[in-house]
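Novice: Structure incoming, see below.
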Amino acid sequence: MDFNDVIGYTLRIGVIISATIIIIGVIMLFIFNSSNNFTLNQIAAPNSIVNSSIFKPNEIFSGLPKPYALDYIYLGLMILIATPVARVLLGIIQFAREKNKLYTIITAIVFFNLMFAIFLLPLIIGK
Amino acid sequence: MLPPLEFFIAIVLISALSGILGALTGLGGATFLVPIYTLYLGIPIVYASGASLISTIATSSGAASAYIKDRITNVRIGMGLEIATTSGSIVGALTVAYIYSHHLQFIVYIVFGIVLLSQVYVQLTKSKFELPRPVKPDWTTKVFQLYGKYYDAALNQEVEYLGIRWWLGEIIMFFAGFISGLLGIGSGALKVLGMDWAMNLPMKVSTTTSNFMIGVTAATGSSIYWLFGYIQPFLAAGTAIGVLVGAFIGTKILVRVTNRTIRYIFTAILVFLGIQMILRGLGYGF
């Protein structure tokens, strides 16, 4: 299989998995009428107090065994955000295989920017 | 206020509609989404742009998986320009965090309105030529390997092309990334401008490569949005699902509609929303 197809399938599978998990989370939310000690009405208000600042990505997994719908929704969103990251990572491999030194470095810089925004900035800002 | 289930259905329907409009105009769903959410659903612009930024990743990844098969996207050119868009997106997202924390939301409304109105020009003067005029390669063409070829099914021929002025492309892309981080949109129109106008690439290459880049740009900004709490789960979930469905339907319709009148209708919607956003920013009703 061509490496371009690998990339294409990775993106497609990433989107399908994340959409599925998000839908599961939404269904759970409507069944249980609450999640993470918030009521559905609190969660669904247009200017809701429930937002990503109170959901740390590393804590989301601990909520999964419990019927916490919001943890599933956030997991789905995280997978969605991760698909372009995976795409860039595969890009580095692709250019390295083509022995294209310049573009391997360029793609590595793009990957660094992503990692900087996702992991380093939270530490720097200290939130 | 709508009860939760009705509210959720409204979000999905509106974002599906935005996804269709976005696919048909090539502007991406977010362009229509944020104004409709803020002007008509009473959603704070912080949450509207957070949900919209997430949704652009969904459409980008969804469409990119199809485009890669066509081999029109130029991954080299896209990745090269991503250095600028991701940097711009980080700066833009941090800027908007400053704006929101100082309650200067009106700036975002006004900038959004201006961006919408500026798209009108792009929509009306849409490049009539499928292929760019031939140019002499410059030093960046060689250094950054700005060339490629693809098979054009509409023209029924193999198209070979080369790009120039990499540095100008990078400058425009930084700005595109900044706008994306600032407003929570993909800013595909600016990306296309950078490749089509500055780098002299064929329209098909520009649009597919721009689409591919949007996901990476948005992922960079969305991590900062997450950190500052702009991602509201209920809204983001409904929007992501709706836009995905809408973009899928949009691409199916796209093949059949090429009518000019439709373009004018969309342009009218852009003007209408753009003026309303500016008025809201200036403190008038809506």
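The values are calculated or read from the model by the stated rules, or taken from the named source; none is laboratory data. Quick caveat: nothing in here was measured; it's all calculated off a predicted structure. So basically every Cβ, Gly included, is an ideal-geometry build from the backbone, and we count neighbours across all protein chains shown. All accessible areas refer to the heavy atoms of the entire protein, side chains included, with ligands and DNA or RNA removed. Shrake-Rupley method; radii C 1.70, N 1.55, O 1.52, S 1.80 Å.
Novice: Would you check the accessible area of B:Y264, probe 1.4 Å, heavy atoms only, in square angstrom rounded to 10?
Specialist: For B:Y264, the solvent-accessible surface is approximately 120 Å².
Novice: Any idea what the relative contact order of chain B is, in percent, if you count C-alpha pairs under 8 Å spaced at least 6 apart? Could the numbers behind the result be given before it?
Specialist: Values: 493 pairs, mean separation 109.4, N = 286.
Result for chain B is 38 percent.
Novice: How high is the FRET efficiency between B:V159 and B:D138 when r is their beta carbon distance and R₀ equals 22 Å, given to the nearest 0.05?
Specialist: 0.60
Novice: Residue by residue through region A:14-30, what is 3J(HN,Hα) from phi via Karplus (6.51 cos²θ - 1.76 cosθ + 1.60, θ = phi - 60°)? Round to whole Hz and write x for glycine and proline.
Specialist: Calculated HN-Hα couplings, in order: x, 5, 5, 4, 5, 4, 4, 5, 4, 4, 4, x, 5, 4, 4, 4, 6 Hz.
Novice: Need the per-residue list for region A:54-87: every residue with at least 40 Å² less accessible surface in the complex of protein chains than in the chain by itself, probe 1.4 Å, sorted by number.
Specialist: Hits at the 40 Å² cut-off: A:Y74, A:L77, A:L80, A:I81, A:P84, A:R87.
Novice: Whenever you get a sec, compute what percent of the accessible area on region A:3-125 sits on carbon and sulfur atoms (1.4 Å probe).
Specialist: Details: 4120 of 5810 Å².
The C+S portion of the solvent-accessible surface of region A:3-125 is 71 percent.
Novice: Compare the peptides B:47-54, A:47-54 by average per-residue count of other Cβ atoms within 10 angstrom and give them in order, highest first. Each step should come with its number before you reach the end.
Specialist: Numbers: B:47-54: 29.4, A:47-54: 16.4.
Put in order of decreasing packing, that is B:47-54, A:47-54.
Novice: Relative contact order, percent, of region A:34-113 when contacts are C-alpha pairs under 8 Å separated by at least 6 residues? The partial results should precede the final answer.
Specialist: Details: 43 pairs, mean separation 16.5, N = 80.
Relative contact order, region A:34-113: 21 percent.
Novice: On to the next question. Given labels modelled 7 Å from the Cα in the Cβ direction, how far is it in nm from B:L117 to A:I109?
Specialist: Computed distance between label sites B:L117 and A:I109 equals 3.6 nm.
Novice: Also: Add -39500 (n - 2.57) for each DSSP H run of 4 or more in the protein assembly as shown, then divide by its residues: what number comes out at 222 nm, to the nearest 500 deg cm²/dmol? If you can, show how the numbers build up before the last one.
Specialist: Values: 17 runs with 296 residues, N = 413.
Rounded to the nearest 500, the figure is -24000 deg cm²/dmol.
Novice: Could you compute the FRET efficiency for A:F32 and B:V271, with r as their C-beta to C-beta distance and R0 at 60 Å, rounded to 0.05?
Specialist: On the way: r = 44 Å, r/R0 = 0.74.
Efficiency at R0 = 60 Å is approximately 0.85.
Novice: Roughly how crowded by other chains is peptide B:98-110, in terms of the mean Cβ count from those chains within 10 Å of each of its Cβ atoms? Kindly include the intermediate steps, with their values, before the conclusion.
Specialist: Details: counts 0, 0, 0, 0, 0, 0, 0, 0, 0, 0, 0, 0, 0.
Counting other chains' Cβ atoms within 10 Å and averaging over B:98-110 gives 0.
Novice: By what distance, in whole Å, do the Cα atoms of chain B stretch along each of the three principal axes, largest value first?
Specialist: Projected onto its principal axes, the Cα set of chain B covers 58, 40, 31 Å.
Novice: If you don't mind, there's one more thing I want to ask. For region A:3-125, what is the convex hull (Cα atoms) projected area averaged across all directions, in square nanometres?
Specialist: Numbers: hull surface 36.8 nm².
It is 9.2 nm².
Novice: List the accessible area buried at the contact between B and A, summed over both sides and calculated with a 1.4 Å probe, in Å² to the nearest 100.
Specialist: Numbers: alone 13800 and 8670 Å², together 17580 Å².
Buried area between the two chains comes out at roughly 4900 Å².
Novice: Continuing with this model, one more query. Take the alpha-carbon centre of region A:97-127, take the same for region A:57-81, and report the distance between them in whole Å.
Specialist: 25 Å
Novice: Can you classify the protein assembly as shown as rounded, prolate or oblate using the Cα gyration tensor, where a ≥ b ≥ c are the square roots of its eigenvalues, rounded means a/c under 1.5, and otherwise it's prolate if a/b beats b/c and oblate if not?
Specialist: Details: a/c = 1.65, a/b = 1.36, b/c = 1.21.
Because a/c hits 1.5 or more and a/b exceeds b/c, the protein assembly as shown counts as prolate.
Novice: With a Förster radius of 25 Å, plug the Cβ-Cβ distance of B:L2 and A:I49 into 1/(1 + (r/R0)^6) and report the FRET value to the nearest 0.05. Can you show the working numbers first?
Specialist: Numbers: r = 18 Å, r/R0 = 0.71.
Using R0 = 25 Å, I get an efficiency of 0.90.
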